[in-house]
Structure formats: C-alpha cells, structure tokens
1. Kindly evaluate residue 91 against the criterion of being closer than 20 Å to residue 138 by Cβ and within 12 Å of ligand 1 (Cβ to nearest atom).
2. Does residue 180 meet the test of being buried (at least 17 other Cβ atoms within 10 Å of the Cβ) and either in the same structural domain as residue 30 (by TED's automatic domain parsing) or under 30 Å from residue 326 (Cα atoms) (or both)?
3. Specify which of the listed residues (174, 187, 202) is exposed (fewer than 15 other Cβ atoms within 10 Å of the Cβ) and either within 16 Å of ligand 2 (Cβ to nearest atom) or touching a residue at least 24 places away in the same chain (Cβ under 8 Å) (or both).
4. Which residues, taken from the stretch 14-40, are in contact with a strand residue (DSSP E or B) (Cβ under 9 Å, 6 or more places away or on another chain) and more than 9 Å from ligand 1 (Cβ to nearest atom)?
5. Quick check on this structure: which one of 223, 219, 170 is farther than 30 Å from residue 97 by Cβ, more than 16 Å from ligand 1 (Cβ to nearest atom) and more than 16 Å from the chain's Cα centre (by Cα)?
Ligand code: ADP
Ligand code: TRP
C-alpha cells in the first residue's frame, strides 16, 4: 500500500501559493486508497525563525491552515514533527552513515555559501548553522521514520528526495533491506504569482493570505500590480499578473470570461473586484472553519497529540528495529 508523506515548514503565515501548490494537492491525493502522513515541520523552522513566540504562532497557523482546508484527522496521520522523538533519533543514526560530501552539495547550503562569497566574507561558512547544513538529513529522517513510499513535493525539494533515496539505499546495503526507497511525486505545480508579479512567497512580502479576513483579502487583491491603461482600453491577459493569479484558481470557463473582459477593456478596479469575489468564494469556507478552530485552541492541541500518539505506535517499533540492526540492543 502507498504511504504518502509530506510536511510544511512553519516559517511564515500560510498563503494562497501554499494552498494551491501544497495543501490542496496533498489533500486531493488522500482520496486514493493509501496511508498518509501530513505534518508540521516545526523542527525545520527553528533554522529560520529565531523568535520563540513567533515560531509557536506560525506552527499553530500552519496546523489551522491544514485543518481549515479540509484535512480530516481521522482519515490521515496529522502531527507535529517535534512530537515524534524517533525522527531526531533516527536522524542521528542516519548522520553516521551519510557522507558529509552529500550534504555539501545541497542547494540551501550552497546558496548560503554563495551569499557569503558574494559579500566577500573570508570564512565561507560564516553564520551558517549546522542545522541548515544538515537540514536534508532531518528531512530524510522525516520520510524514513514512518517508512513512506511516496512524497508529494514542489520541484525545489527534488534534490532532498534524491538525498533521502541515497541514504535509504546506503542503509539497506549496509544493514539489510529495511527502508522503502521513497519516490518524489513532483507536483506539476503551477507557480502562483504574488501581488508584485514574482512567485508568491513569504520571503517577498507579496502574499495573498490564506487565513486573513475579507478586508485583508481585498487589500491584498487591490495591491496586485497592473499598468497605467485606462478603462476602455483593450488589455492583454498574457503575462498579466492579475490574470496570472486568477488563472491559478479560476475554472477554464471563468478564465474565458475574464479574457473577454480584458479584450473589452475592463477597468483594473473592476477586474480586481471580480478576482476578489471569486477568490473570496473559495476562501470563505476555509476562513469560517479557521475562525471556528481559532476559538478552540485546545481542540487543535488535542488533534495533534492524538495524531502523534497514532504515529508513534508505528515509529517506536520501527526505530527499535533500526537500533537492533545497527547494533544497539538491550544488553
Ligand atoms: P514560501 O516560498 O512562501 O517560503 P514554502 O517554501 O514554505 O513557501 O512552501 C511550502 C509549500 O508550498 C511547498 O510545497 C511549495 O512548493 C508550495 N508553494 C509555496 N509558494 C508557492 C507558490 N507561489 N506557488 C505554488 N506553490 C507554492
Ligand atoms: N522541506 C520542505 C519544504 O521546505 C518541508 C519538509 C520537511 C518536507 N520535511 C519534509 C516535505 C518531508 C516533504 C517530506 O517545503
């Protein structure tokens, strides 16, 4: 049986790009007959978020984003990474068989070194934490602890899956077949554009928030960049940010309607109003569920605790077996 696993790092507030690129496709996959593991990668977030209160708040908002988007905790394993100590335990064991060179080539580490290089730092590793360096190893452990077979991720995570496969194969060669060698399920993700026309990302401050109220949503939509064309002038929908954003969530039929409006010279204000209304229809039920969840924080904690208990029933025996294989037994 397929064991699907994916995580989201709570390093920013959830946005429309996360919903369309990660949350919705993962939830859609769960309709198939499979086991699934969906988690909040809070240990990964410690690398990026240094304010403790903020980290807690972000973990909470990612949990709410999953639940408000329709995740049913009875149908999946939904948990917080930090509640599963077997993950960090396995990470250490994996680190002992992983060559440092494999991690030297990881994108995040290389990007951090490039920044140091460009700014003329003498020590290429200055300011780079061991956590950032070994991040792909922890990710491998996230995946191998519940022995997942399929991992839906964005293209940017493909290299991490290759590293995970390398590590699993190496373990299996050394200690005997134990881990599934997991496959990346690369989502044919259409990048959702941000309000400034670049990829929507918390790093660019160009997001449309997933859990904001109607006012926040309207404000974000009104911020979408357009040009100085007047109402009545024919507008080109190709390479247009407003249309680009609209096309990431609107049906084909609605997109044709919008193209016609562009051809007919719709004013930017009216076009934005339409984008707002359509988007609001999609986000309204999510927002309502979020408000309900937000007023019952205890419930979220209970859901995560129950999820962790369910997961640990599987991961505890698994890590025990891994330890036995490497030679850590009860004396
Ligand atoms: P960010 O770019 O805001 O830092 P993350 O890297 O935390 O987002 O992304 C979490 C998940 O959401 C990933 O699976 C990623 O592929 C998806 N995602 C993020 N931004 C977008 C986007 N603009 N379009 C589509 N998917 C996205
Ligand atoms: N690294 C992923 C991201 O930044 C999040 C993540 C952590 C993850 N552990 C994972 C995704 C395991 C899939 C499987 O988007």
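The values are calculated or read from the model by the stated rules, or taken from the named source; none is laboratory data. Keep in mind it's a predicted model, so treat the numbers as computed, not measured. With ideal geometry, Cβ positions are generated from the backbone for all residues, glycine too; neighbour counts draw on all protein chains shown.
1. Numbers: closer than 20 Å to residue 138 by Cβ: yes; within 12 Å of ligand 1 (Cβ to nearest atom): no.
It is false that residue 91 is closer than 20 Å to residue 138 by Cβ and within 12 Å of ligand 1 (Cβ to nearest atom).
2. It is true that residue 180 is buried (at least 17 other Cβ atoms within 10 Å of the Cβ) and either in the same structural domain as residue 30 (by TED's automatic domain parsing) or under 30 Å from residue 326 (Cα atoms) (or both).
3. That would be 174, the only listed residue that is exposed (fewer than 15 other Cβ atoms within 10 Å of the Cβ) and either within 16 Å of ligand 2 (Cβ to nearest atom) or touching a residue at least 24 places away in the same chain (Cβ under 8 Å) (or both).
4. Just the residues of the stretch 14-40 that are in contact with a strand residue (DSSP E or B) (Cβ under 9 Å, 6 or more places away or on another chain), to begin with: 14-18, 22-23, 25-27, 29-30, 32, 34-40.
Once the filter is applied, which keeps residues that are in contact with a strand residue (DSSP E or B) (Cβ under 9 Å, 6 or more places away or on another chain) and more than 9 Å from ligand 1 (Cβ to nearest atom), the stretch 14-40 yields 27, 29, 30, 32, 34, 35, 36, 37, 38, 39, 40.
5. From the options 223, 219, 170, the qualifying one is 219.
Residues checked against (1) modelled with pLDDT under 95; (2) under 23 Å from the mean Cα position of the chain (by Cα); (3) not assigned by TED's automatic domain parsing to the domain that holds residue 87:
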site	(1), (2), (3)
282	no, yes, yes
306	no, yes, no
311	no, yes, no
318	no, no, no
321	no, no, no
